[in-house]
Every structure is written in C-alpha cells, then in structure tokens.
Amino acid sequence: MRTGFIGLGAMGAHMARNLHKAGLLAAVWNRTAAKAKALARELGCRAPDSPADLAREVDAVVMCVSADGDVLEVVEKIAPALKNGALVIDCSTVSAETARRAAQMLAPRGVQFLDSPVSGGVEGARDGTLAIMVGGEEEAFERAQPILKALGRTITHFGPSGSGQAAKATNQIMCAGIIETVAEAMAFARAQGLPLDKLVDTLGKGAGSSWYFVHRAPYMIRGSYPAGFRVRLHAKDLGICRDMAARFGVSLPVVERMLDEYAKLIDQGYGDEDISATFRLKAELFERAAGRDEAAPARGK
Ligand code: NAP
C-alpha cells in the first residue's frame, strides 16, 4: 500500500521512518516544508508541495498533527484529491467528535477513516512500539494492519469512529495523575536529601513505579525537560477529557488540577517543555517553604 505521511513533528518524523523501514512510505508532507524536504532526502521518498498533491499519489495517508482544528483542516485539503477506496489513518490526539466529523467528511468520497491515536511517547514512536487505539470500520482496521504494525506493537480496535479517541482520552487522564504524582514524589525526595539516581533505579523496580517514573524522573533530576510530550499538547488533551466528562455532568478532580498546573507552566513560558516540567511547580513548594523558614527570624518569629 503506497502510504503518505503528514505531520513530521516529534512523533511523526519517527513514525514516517518506521513506515519507510517497512517499505510502505511513498511521500511526506509537513506544514514547515523544510522538515519534509530534509526527511525525503534522508529516506529517498517524495516530498510533494501540498497535502492534496501527496493525497493524489498514495493509497493511504497517515497523519499526526497537533489538535482538532488541524486534523479537520488537513482532512479538508486531502479529501477532494484522495482516490476512491483510499484509507486515512489519523494518529493525532483529538476529540471523539472530531474523529466522527473527519470520517463523515471522507465517507462520501469512498474513503475510510480510522482514528488511531497512539501512546508510548517519542521513544515508542522511534522504536515502533506504540500502543495504538483504533476506532472505525472493522474492514478498514484489517486493511490498515501492515501500516499499524509498522508503527506499533499493541494495536486494538475499540469500535466505531471516535472510540479510539475515547480510549486515548482515558489514557491521558492516567498520564495526568501519574506525572503529577511522580513530580511531587521527586520534589519530596530531593528535599529529603536522597541520592536521586539510586532512588530511580530502586523504586523503578517497585510497586509504585510507572513508565513516567522510569523515563521522566531522570529529566527532573537533571532539571531539563526536552519535548517529549509538550505541556501545551497534554493541556489540549485534558481539555478534551474535561469536555467529554462534562457531557455526563461530571468534573474530574485530577483533570481540573492538572489543567491548572499546566496553565501556570504555560504562563511561565514552559508550554513547549515536556510534561515532566511539572516538577518545577512541585520543587517550588519546597523552595518557597525554605524561603519562609529563612525569613521567619527576620520577621521576629
Ligand atoms: P509536535 O512535535 O508539536 O508536531 C506537530 C506536527 O503537526 C508538526 O509537524 C506540525 O507542523 C504539524 N501541524 C500542526 N498543525 C498543523 C496544521 N494545521 N496543518 C498541517 N500540519 C500541522 O507534536 P507531536 O508531539 O509530534 O504530537 C503530534 C500529535 O500526537 C498530537 O496530537 C499529540 O497530542 C499526539 N501525541 C504526542 C505524544 C508525545 O509524546 N509527543 C504522544 C502521543 C500522542 P510544523 O512542523 O509546521 O509545526
């Protein structure tokens, strides 16, 4: 299946490389054209000038762009150019509603759409080990197997359009709670004066461990948070979770708290850092308290 890739960001560039390794990649397109030209040179594939030009050349399009509006914008551009019988696989994280709209935009043209958001971070994208949560028609899911297998290891069909995104939203709520807990625990451990590398090695094998602890606590130790998974992208995802829960009249405490924390980080200019930058806010709790202790004698306490 000749496949084109749209959206060569932190995730997409790795995913396109894995499609190339599987012998499936025919063309790439990226909004910032220089990235597409460089990758096309590296892989020896085509870099058409527009998403529509790419769509005309392929049997399947995989896309991984930022947010809901971006997915709909790309779908609108490729829809008129896609062949009847083509397949569109969207790996961006967006709302279930957007996935259903994209599927409806493509169906009249005889094009099948699979919402196929992924989990596993840039490491999973690089290693081709992503967990992929798919919504859409069963037959499209079967046709997409060679592509999905080139990108990930755990590939699950959850049901009709939108159900892949609903599964991903569930994952994003867990990530919010876990990254907050890891950041808080690491700030606590640092305040205790513990040797933090040893701590990660040891607790990383314990019952409280998680992917985020093993892979992102080291960022917290170094005080450097390269994206990774950008704060503003997870904030976008949690906004989706907030809206989906609100349809049931529910406000989720973990989601609300992390939206507040991310708003602070974005305000302070850290929106493009990895979400492990949450450690900045947790470390500040201890730094502020230490500052209060030092100031206390001067205040005559
Ligand atoms: P990223 O590094 O910010 O890359 C975003 C990509 O989308 C870039 O190639 C960007 O083009 C393109 N793009 C954005 N808006 C566009 C538009 N309107 N039209 C065309 N292209 C557009 O983001 P990422 O980390 O790769 O994440 C991509 C998606 O995967 C997001 O939905 C994110 O939530 C999800 N995701 C990310 C991770 C992670 O760990 N990073 C994990 C799982 C899922 P430019 O180069 O021109 O900016």
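By average Cβ neighbour count within 10 Å, what is the ranking of 194-207, 101-114 from highest down?
101-114, 194-207
If the cut-off is 22 Å between C-alpha atoms, which lysines fall inside it for LYS282, apart from same-chain ones fewer than 8 positions away?
LYS198, LYS236, LYS264
Points 7 angstrom from Cα along the Cβ direction at THR32 and ILE221: gap in nanometres?
Spacing of the two 7 Å Cα→Cβ label points: 3.1 nm.
Looking at the chain, what % of its DSSP beta bridges pair antiparallel, to the nearest 5?
Here the share of antiparallel DSSP bridges comes out near 15 percent.
I'd like the isolated cysteines in the chain, meaning no second cysteine's beta-carbon lies under 4.7 angstrom from theirs.
By the Cβ distance rule, which asks for a partner under 4.7 Å, the isolated cysteines are CYS45, CYS175, CYS241.
Choose one of ALA125, GLY85, CYS175: the residue whose Cα lies farthest towards the positive end of the charge dipole of the chain (beta-carbon charges +1 Lys, Arg; -1 Asp, Glu; about the Cα centre).
The listed residue farthest towards the positive side: ALA125.
Which angle from 0 to 90°, rounded to the nearest 10, does the C-alpha axis of helix 211-222 make with the longest principal axis of the chain?
Long axis of 211-222 versus the principal axis of the chain: about 60 degrees.
Would you compute the Debye intensity of region 141-248 from its alpha-carbon atoms alone, equal scatterers and no solvent, and pass along log10 I(q)/I(0) at q = 0.10, 0.16 Å⁻¹ to two decimals?
Debye intensities relative to I(0), on a log10 scale: -0.42, -0.90.
Provide the packing ranking of 221-230, 208-217, 19-28, i.e. peptides ordered by the mean count of other C-beta atoms within 10 Å per residue, highest first.
19-28, 208-217, 221-230
Against the longest principal axis of the chain, how steep is helix 68-78, in degrees 0 to 90 to the nearest 10, with axes from Cα atoms?
With rounding to tens, the tilt is 20 degrees.
So, in region 3-160, how many Lys pairs have Cα atoms under 22 Å apart, if the pair is 8 or more places apart or on different chains?
Summing the qualifying lysine pairs gives 5.
Starting from the Cα gyration tensor of region 3-160, multiply each eigenvalue by 5, take the square root, and state the resulting semi-axes largest first in whole Å.
Value: 20, 18, 14 Å, ordered largest first.
Among DSSP beta bridges whose residues both lie in region 3-160, state the antiparallel percentage, nearest 5.
Beta bridges within region 3-160, antiparallel portion: roughly 10 percent.
Considering the chain, what Rg and Dmax in Å follow from its alpha-carbon atoms?
Just the Cα atoms of the chain yield Rg and Dmax of 21.3, 79 Å.
Report, in degrees rounded to the nearest 10, the 0 to 90 angle that the Cα long axis of helix 231-246 makes with the longest principal axis of the chain.
Once rounded, one gets 80 degrees.
Starting from the Cα of GLU123, step 7 Å along the direction of its Cβ; do the same at GLN268; then give the gap between the two resulting points in nm.
2.5
What 222 nm value per residue comes from the helices of the chain, counting each DSSP H run with n ≥ 4 as -39,500 (n - 2.57) and dividing by all residues, nearest 500 deg cm²/dmol?
Roughly -17500 deg cm²/dmol at 222 nm, from the helical runs in the chain.
Report the residues of region 215-251 in range of a label on GLU184: point 7 Å along Cα→C-beta, backbone N strictly under 17 Å from it.
Zone members listed by number: 217.
Can you tell me which of ASP68, ASP267, ASP90 moves the most in a GNM of the chain? Springs connect C-alpha atoms under 10 Å apart.
Among ASP68, ASP267, ASP90, the largest mean-square fluctuation in the Gaussian network model of the chain belongs to ASP267.
Quick note: the coordinates plus some simple rules give every number you see, no bench work behind them. Since this is a predicted model, take the numbers as computed values, not measurements. No Cβ is skipped: glycine too gets one built from the backbone with ideal geometry, and neighbour counts run over all protein chains shown.
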